[in-house]
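Input: a single structure, listed below in structure tokens.
The values are calculated or read from the model by the stated rules, or taken from the named source; none is laboratory data. Here the structure is a predicted model, which means the values were calculated and not measured. Here Cβ is always computed from backbone atoms with ideal geometry, including for glycine, and neighbour counts include all displayed protein chains. With ligands, DNA and RNA removed, areas are computed over all heavy atoms of the protein, side chains included. Shrake-Rupley method; radii C 1.70, N 1.55, O 1.52, S 1.80 Å.
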Amino acid sequence: MAEGFNELRWNPLLGAWVIVSSKRRGRPWRSGECPFCPGAPETGFGWRVLTLDNRYPALRPDARTSRASRGLYEVKPGYGYCKVIVESPQHEGDLSDLPFDDLKLYVGELIRVTRELCADPNVQHVIPFRNKGEVIGVSLTHPHSQVYALPFVPPRVAREMESMRRHWEERGECLLCSILRLELEEGERLLYGNGSFVSFLPFFAMWPYEVHVYPRRHFGSLCEMSAQEVEDLADALKVITAMYNSLFDFSLPYMMVFHQRPCRVEAEYFHFHVEFYPVHRERDKLKYAAGIEWGAWTFTYDSLPEEKAAELRQALLRGLASLGARGYRARGAPLGGGKVD
Ligand code: ZN
Ligand code: ZN
Ligand code: FE
């Protein structure tokens with residue numbers, strides 16, 4: 001039984017749910033003891049990738065609300081699941097450090113967890129993500145991702161869906177397929193491509209080193225990937241994170257988010273993709289979502305995306321070299337760099 005309260009409160013100004021969870025009695029980890037290392041109370045031994053329940057879940061199937069709704073002030077139970085995917089038995093590292101076979105297991109686990117959580121009829125959306133780095137508030141360095149199973153379609157995904165649906169209906173084609181074609185035509189923001197995925201810094205990037213990874217084939221969710229696509233996504237994740245970690249002389253913090261179609265919406269117009277948002281704008285400067293970004297949801301980009309893409313392309317070459325030195329042969333190759341008139 002839940003010890004605290006887990007509820008959704010409706011923000012009537014923005015038309016969005018806020019997930020509220022009160023402090024629960026937890027057994028805090030003794031410092032120095034990693035909860036994700038093999039042999040910890042919840043992990044055991046003999047695994048390469050492992051899915052755990054978040055010990056302090058924002059959402060839970062037995063959620064209790066602290067109060068009733070009242071007029072405009074709507075409250076609902078914070079129903080859902082918060083999972084942690086421990087990506088490796090190794091205590092340190094990024095996706096780029098995982099052996100390729102383990103990365104494939106990781107992608108496979110994202111698929112399995114998406115399928116399992118979507119099977120709950122009260123779950124509307126499953127969103128896997130990875131936060132890396134102390135500046136993003138991650139204190140546990142053991143490599144891990146998270147998966148939230150939400151009882152609603154989150155606004156950002158809903159907004160993307162709406163844009164994709166409109167484009168599909170008005171132009172008779174997929175928005176992301178169209179973006180991908182434009183990026184391939186223009187070339188100057190392309191970074192890396194393998195048989196199934198193309199990675200680039202988008203024309204419309206909001207974060208200085210934002211990178212999107214789009215499958216070449218049109219499909220809507222992790223669960224629809226072929227074995228070849230699983231392999232190629234693992235390769236793309238490995239190479240892009242190696243690129244980031246070669247950009248400066250430190251391991252680059254980032255957020256990585258998987259955007260897939262909701263569990264219970266057909267949405268044939270939805271095109272699965274992965275987005276990376278590093279928070280640096282220079283080696284020793286962070287980009288904040290500050291007054292104009294957060295207060296107006298209007299991002300300012302303090303250089304040209306094409307310039308940042310050129311920087312990333314140099315880092316990509318260094319990243320590929322460092323992966324090569326560690327015995328990894330990338331499935332794809334650097335792309336683009338050409339300037340269009
Ligand atoms: Zn550990
Ligand atoms: Zn598409
Ligand atoms: Fe997206």
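Dividing the convex hull volume of the alpha carbon atoms of the range 108-168 by its residue count gives 130 Å³ per residue. Accessible-area rank, largest first, for Lys287, Lys76: Lys76, Lys287, with all protein chains present and a 1.4 angstrom probe.
Compute the separation of the alpha-carbon centres of the range 55-95 and the range 114-145 and state it in Å as a whole number. Here the answer is 10 Å between Cα centres.
The alpha-carbon of Lys76 sits under 22 angstrom from the alpha-carbons of these lysines, leaving out residues fewer than 8 places away in its chain: Lys23.
Put simply, the amide H of Glu188, placed in the peptide plane, has neighbours under 5 Å in Gly337, Val340, leaving out anything fewer than 5 places away on its chain. Left without a cysteine partner by the 4.7 Å Cβ rule in the chain: Cys82, Cys223.
Taking every protein chain into account, the accessible area of the range 6-334 amounts to 47 square angstrom per residue (probe 1.4 Å). Counting only Cα atoms, the size of the chain along its three principal axes is 60, 52, 40 Å, in decreasing order.
Note on the chain: helix-only mean residue ellipticity at 222 nm, from DSSP H runs of 4+ residues weighted -39500 (n - 2.57) and normalised by residue number, equals -9000 deg cm²/dmol. Considering only alpha-carbon pairs that sit under 8 angstrom and 6 or more positions apart, the relative contact order computed for the chain is 17 percent. Straight-line reach from Lys308: taking Cα to Cα under 30 Å and skipping same-chain neighbours fewer than 8 places apart, the lysines in range are Lys104, Lys132, Lys238, Lys285, Lys287, Lys339.
For the ranges 320-333, 89-102, what's the packing order if you count other beta-carbon atoms within 10 Å of each residue, average per peptide, and put the highest first?
Output ranking for 320-333, 89-102: 89-102, 320-333.
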